[in-house]
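Worksheet: the structure to be examined is printed underneath.
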Amino acid sequence: MNDTHSEFIVVSREHLTVFEQSLLSLEKAASGNESRSLIEHGLRAVHSMKGDSGFLGFTTIRQLAHAMESLLEDYRDGARLPSTEIVEALLAARDQLAALVEDLDQNQQAAVDDLTRRLLSLEGTMSHAIPLNINLRDWQTQHSGSPLADLFARLDAFGIVEDPQIIGLPDPSAFGSETWTKNCNVNFSGVLITKASPNEIAVLVGVQQPPPFLTPDGFERRVDLGEWQTEHKLSLVELFHELTQAGEIFDQHLKYSPTDLTMGLPTEPIIWQGRYRAAQPVAPPETTDVVTLQDSAGTPQPRPESPVENAHISNGSTADKDRPASPKTAATPDTERLRSLRINVELLDRLMNLIGELTLIRNQTQVAFSEQEGESRNLIQRLNSVTSELQGTVLQTRMQPVGNLFGRFPRMVRDLARQLGKEVEVITIGQDVELDKTVIERLSDPLTHLIRNSIDHGLESPEAREAVGKSRIGQIVLSATPTDGQVCIEIRDDGRGIDPVAVKAKAAAMGLRTESELERMSNRELFSLILLPGFSTAKQVTDVSGRGVGMDVVKTNIDELEGHLTIDSKLGQGTSMNLRVPLTLAIVPCLIVTVGNDRFALAQRELEEIVCLHPGGKRKLEHAFDTEVFRLRDSLLPVIRFSEILARSQPFSADDKAEILAKYPPAERDPAEIEYILVLRSNGKRFGLLVDQVQGREEIVVKPIHAAMRKVTIFSGATLMGDGRVALIANAVGIIEHARCFAAMADDVPQSIPRNPHEVHRVLLFEYGANEQYALPLVQVRRVELLDMNRVERIGAQEFVTLDGVSTRILRLNEFMDVSQCEESPTMFLILPRFVPEPMGILAQRIIDTESLAIDLQTSGNIRGVLGTAIVRSRLSLFLDVQQIRESVVGVTADASGVGEPSGITAANDKWRSTSPRFKAKQRILLVDDTPFFREIVKRYLSAENVEIVTGVDGRDGLELLASQDFDLVVSDIEMPNMNGWEFCKAAREKGYRMPFVALTSLAKNEYEQKAMACGFDDFEEKLDHDRLQQKVLHWLQRSLEMQVPQ
Amino acid sequence: MSDNVTLYCTFLSAGRLFGVPVLDVKEVTAEKRFTGIPHAPQEVLGLVNIRGHIFLALNLATLLAVRNHPTPADAQFVIFKSSVGPAFGIVVDQVGDIVSVSDKQTEALTNGEQMQLHFSDRSSLVASVGKLDGQILIILDPHKFLACVEHSRGALDNV
């Protein structure tokens, strides 16, 4: 494909766009004037295409363009508007034309013929378009004496000769600007548009019969038309007319020898050749006609470079008069926007690089000349401003108006609306807002999807709209607004809106979220669910949408663009989809941080917030398992030290992690200088990256890191900084992997409890009645639900609410204890405790906060349901004993229901109580735990009449107690100061103590099973699991008895 | 064997005279504001900005397994053409003359010689040895440098 061809393609695309826009606007045009000018635009576009294609020898394009033009021509005066049918046909033809243009080499003659016929048939009786293709020289020769002007005059007498031009039918191999005049064929072509009826023409030329050469059988045949004309005394026009009456001529072209037309008409014969297919079966399907006409001198000397396009002058149109024949089209308001110069993107990139270089030179010059005064300073300043402006301008070259993107939607909407039987109006706002080329390209698909969705799901049928009092015509507003380095694109419709209830139901049915989660979600959060794969609330699947594929693709596309989509909707009023995309991808806003002496960039999109650690400040890093953590509001944030990442080239091993923890002991940790934790989110994982300094924000141009360095995963690229040095761009994903941060940690990081010797607990503080403050350790809290009191159902005096499909008992504290009642409010809180198998929740009026504290309980055994009290936030707080409360509830339930079928748990409890007295002597349990709080809880769990519990504070204490007293069972914590549980058990076994040992752990069991057994434990259980712990202890007490019996 | 003459760009590194075909060299600069790449193999000095383009700088001495050779302050950066490898160069102690060496003057290394040169594990980088007047020119094949560095990364992993 040569340059001329690609130029043709570019220009044709513009013409096609203009043509389409004109047609579409035509449907809405108000005044005759307006529609006239629109038709003019359309005509001009298709006309130019016809001219260009004819010039270049693309006959199929020319043929189709011509048919389109002649069809539209009738409406040029704007008096009438083309019917929908005609517009439809024209749009179809436009698409075919576009396909032809994009695929110049492919011959799609058949499709074009069909379309041409369709177009021509639409012209009806209004006019007849008779294609002309006349060998000027032959005509001259045959009509000796008559000037060529005579030919035109005769043709004019029948109607309008439209688009008369000298066209070349080049031998493609010989085509080229140099050889054009010598080697190319030249042809006069045109179409006779006549308003005369066939009869009138017949009368005019005096014939009644169809041309005699039409034979019934289809075959190729050459006819000397000149001869025929002489014989029948008929004009060629008549002949052509007769032919088109009976059928159509196609594949027509002239054959004549290459001669320089500027030197006058050649002497060799010029042959018009074509194939003819008759519409009626009687007529010969295929004929080849040879026209030889004659004329003498006086020929206008048409120059091939300027096809005679001013035929429209005869039609009263002078707009094209001064148009250059070159493909650069005249600027009309519509085409102005599309005027473009195609520049290779690589070239632009090179330009960008050069400018970067220039900036560096400027910076250096500034330094070099900063000492000097006068002339040179002036020069430097000018250099400075020019460079900056240059940089801005080059950046702008990549920017394109959103209008280019929006422009294609009216057509799509129109087609879609027609297909779905809806009436839709599209309004576009902010077409001039500019976006980077790549962003525009990548927005096309998601926007198309969203708009399709709006039309299909959003807008109602005209009837339905009328029924609810809306206008029949639905509206879709497409708008683009620049906001703070981003562009916000909104697609708004005034349709039925999204029903949050339907979304909820669907989401619940699909199991995407639990009911209670859905209950808490805002509408906007709910609507964002429709972006998940497989989600569609449309009741029916249509061709257009509703299969639930698409929206997730939209989301993926938008995520790739680093964009953000939010959906707002009001039922019955419409939906608005807001899309925020960055202006450009080439330039990324980054945070520049330093670690040691090195500078790194971090993409800002991954950054959620920055936490500053001051020397001597309260906020400190702590240790949890093998990682440092930071308490960020309510969650634990794993913290990775960037300096350690940089220092260790291997992904962290357990040893590495231990080393790091040892290096930064939490107790002594008080940073000498301010440190920063960057809270990053990547792949849904949130972590903190500890850096020395934050230098600021900078927009950087991302360059790939060197190909040989692809194994270095903690960086994603490199960039040039203002001072000319290279800085590396940190890669959050790579850093997480390198630190093996989440590999060893449980999924629910925020729930895990850091254990350190100081035994800090997090407790939930809440109020029920106005007088008391209650506290519950967070480890005993499964979750807190927001409770809508309207959803509470009552059975007798008991209250229930359905959570996650389970009917959950609501406990009011004043029913179990002597405490103040709470005031009713529409929404309350329900605290769901852990380790309680029966679904129940403690009602709270207000959640105060969570607080980390070392629990120092004042045991107050008097109040049922209360473990003890402590002063928290200068208020006396009641620490609840969940198990006691539960027992009383379960008891109450059994009593109240009167059913003698106790639940499994109650049975276990009964067994515990009833079994224990059966022991002959009082059983003695040694409970070793360093935490007073847990010690108290576990002690309460195990308390029974015939059981005596002695407590020890650590392993060493335990050993001493074992030495001085007899025990039937030892229950020991693992993590304790001085001597931990492992060591304690080992030491006890070594000393020959044979009683069962049960380990208490707050850790996941499996990992510790082997170790526990190796150390000599008989069993282990989770500390706070009341029921299981009781069962285990019971079991081992019995075993202990059995062991003693034989002795 | 015909007597072809090849031009070599010579340079000194760790006290030895090396050469690479002059046609492989894009330019020589004194730019040395390298940005080190953590986790990169030890042969990599870092990235450097040469007029808006980022190049990877390799330390020739390290590449040739010379240990503990400090890079002098006036070291120079020899950048190779993109036909040799993507955007990279080597840092040498000092750039010397361009010398023409005929095929007759060069010899491929024998095993024994490789050992003598103490580059045993990196001998593949040496294309041949040229005998100049009173001097030995070790002719390197820059095409192999990057591959060598990529392997080195693997070697480091096992340390």
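The values are calculated or read from the model by the stated rules, or taken from the named source; none is laboratory data. Treat the numbers as computed from the prediction; the structure is a model and nothing was measured. Quick reminder, even Gly has a Cβ in these numbers, built from the backbone with ideal geometry, and neighbours come from all protein chains shown.
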| request: Find the strands (runs of 3 or more DSSP E) located wholly in segment B:1-87 whose residues include 1 or more that are small (Gly, Ala, Ser), and list them. | output: B:5-13, B:16-21, B:44-50, B:53-59
| said: Condition first: modelled with pLDDT of 85 or more and part of a helix (DSSP H, G or I). Can you find one or more residues in segment A:671-680 that meet it? | reply: no
| task | Provide a single number: the residues in segment B:42-79 that are crowded, with 19+ Cβ neighbours inside 10 Å and at positive phi. | result | 2
| said: Exactly one of these conditions fails for B:Asn68: (1) free of Cβ contacts under 8 Å to residues at least 12 places away in the same chain; (2) in contact with a Phe, Trp or Tyr (Cβ under 8 Å, 6 or more places away or on another chain). Give me its number. | reply: (2)
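A quick yes/no check of all residues on (1) more than 10 Å from A:Leu119 (Cα to Cα); (2) modelled with pLDDT of 75 or more; (3) more than 39 Å from the chain's Cα centre (by Cα):
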| site | (1), (2), (3) |
| --- | --- |
| A:Gly57 | yes, no, yes |
| A:Ile61 | yes, yes, no |
| A:Leu64 | no, yes, yes |
| A:Ala67 | no, yes, yes |
| A:Leu71 | no, yes, yes |
| A:Asp77 | yes, no, yes |
| A:Pro82 | yes, yes, yes |
| query | Which condition does B:Val28 not pass, out of (1) surrounded by fewer than 21 Cβ atoms within 10 Å (Cβ to Cβ); (2) of a type outside the set (D, E, K, R); (3) at pLDDT below 90, if it passes all the others? | reply | (3)
| request: Within segment A:365-422, count every residue that is under 28 Å from A:Ile489 (Cβ atoms) and either part of a helix (DSSP H, G or I) or not β-branched (Val, Ile, Thr) (or both). | output: 31
| Restricting the search to segment A:689-714, which residues are among the basic types (Lys, Arg) and at the interface with another protein chain (Cβ under 9 Å from one of its Cβ atoms)? | A:Lys703, A:Arg710, A:Lys711
| request: Evaluate segment A:798-805: report whether one residue or more is at positive phi and under 39 Å from the mean Cα position of the chain (by Cα). | output: yes
| request: Please work out if B:Leu63 is at pLDDT below 90, within 15 Å of the chain's Cα centre (by Cα) and within 14 Å of chain A (Cβ to nearest Cβ). | output: yes
| task | Using the structure shown, decide if A:Gly717 is within 14 Å of another protein chain (Cβ to nearest Cβ), farther than 30 Å from A:Glu357 by Cα and within 25 Å of the chain's Cα centre (by Cα). | result | no
| query | Out of curiosity, is A:Val950 at pLDDT 75 or above and either out of contact with any Ser or Thr (no Cβ under 9 Å at 6 or more places or on another chain) or acidic (Asp, Glu) (or both)? | reply | yes
| Tell me, which residue of segment A:816-848 that is of a type in the set (Val, Ile, Thr) and within 12 Å of A:Val889 (Cβ to Cβ) is surrounded by the fewest Cβ atoms within 10 Å (Cβ to Cβ)? | A:Val836
| message | For segment A:435-446, check the following and say yes or no: at least one residue is more than 19 Å from the chain's Cα centre (by Cα) and either acidic (Asp, Glu) or farther than 21 Å from A:Thr575 by Cβ (or both). | response | no
| said: Please determine whether any residue of segment A:461-481 is modelled with pLDDT under 85 and outside any helix (DSSP H, G or I). | reply: no
| said: Whether any residue in segment A:616-639 is of a type in the set (Val, Ile, Thr) and either within 30 Å of A:Val701 (Cβ to Cβ) or over 37 Å from the mean Cα position of the chain (by Cα) (or both) is what I want to check. | reply: no
| query | Does segment B:1-55 hold any residues that are within 14 Å of chain A (Cβ to nearest Cβ) and either in contact (Cβ under 8 Å) with a residue 60 or more places away in the chain or polar (S, T, N, Q) (or both), and which are they? | reply | B:Thr29, B:Thr35, B:Ala40, B:Pro41, B:Gln42, B:Glu43, B:Val44, B:Asn49
| Pick from segment A:720-741, criterion more than 9 Å from every other protein chain (Cβ to nearest Cβ) and over 27 Å from the mean Cα position of the chain (by Cα), ranking: nearest to B:Phe34 (Cα to Cα) | A:Gly722
| request: Kindly indicate whether A:Cys612 is modelled with pLDDT of 80 or more and farther than 23 Å from B:Arg33 by Cβ. | output: yes
